[in-house]
């Protein structure tokens, strides 16, 4: 009997012009030379279910590994926002209780106000989730401020069924496998730590 592994992912549709157009747009964006005034920033987000132990774990001994009960308590949800500027090797992870248009706009505004305060325009690569739109800024800020922010962003969307083209999604996937997988995290504070 052979042990076969299955790799799950999304297989791009054949002969889909929209897919190819978005893919080429994203790849051309990544091929741009570094320009401090026009940084290329990838972003992605991921919801996380918070769970805590229902019973105290039994510590490891020489005879047994640490024993943890199967039962757990739900402790709400949170959302991880990850931003990555691949050409500089920079990344930032932010945690919020929710994942709404306003939450996304507030995170983007914080980047524009702090790290990218002196840039002319930030080139943003993201998936086409309904929260990642210029309109989100108008839900979070007064119209004048929203317009100022939108003018400083150039959006590039990954194709539907092609979000794996987003460097931030790959970073988030690695972080999830290395830091979160198989752990029970019971609070936003613990998730941040």
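None of the figures in this text is laboratory data; all of them are computed from the coordinates on show. It should be emphasised that the depicted structure is a prediction, and the values quoted were computed from it without experimental measurement. Cβ atoms come from the backbone with ideal geometry, glycine included; neighbour counts cover every protein chain shown.
Summary table
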| item | result |
| --- | --- |
| The chain, relative contact order in percent, only Cα pairs under 8 angstrom and at least six apart counted | 28 percent |
| Which of 141, 155 has the fewest Cβ neighbours within 10 Å, and the rest in rising order | 155, 141 |
| Helix 17-30 axis, angle to the chain major axis (alpha carbon atoms, nearest 10°) | 90 degrees |
| Computed E for residue 75/residue 161 - FRET, C-beta separation, R0 35 angstrom, nearest 0.05 | 0.60 |
| Whole-number D in µm²/s for the chain (Stokes-Einstein; Kirkwood sum over Cα pairs; 20 °C, 1.002 mPa s) | 113 µm²/s |
| Per-residue Cβ neighbour rank within 10 angstrom, fewest leading, 88, 112, 172 | 88, 112, 172 |
| Sites residue 27 and residue 58 - FRET efficiency at Förster radius 35 Å, r taken between beta-carbons, to 0.05 | 0.10 |
| Proxy reagent accessibility, fewest Cβ within 10 Å first, across 125, 102 | 102, 125 |
| Using a Förster distance of 35 Å, the FRET efficiency for residue 36-residue 179 (Cβ separation, nearest 0.05) | 0.70 |
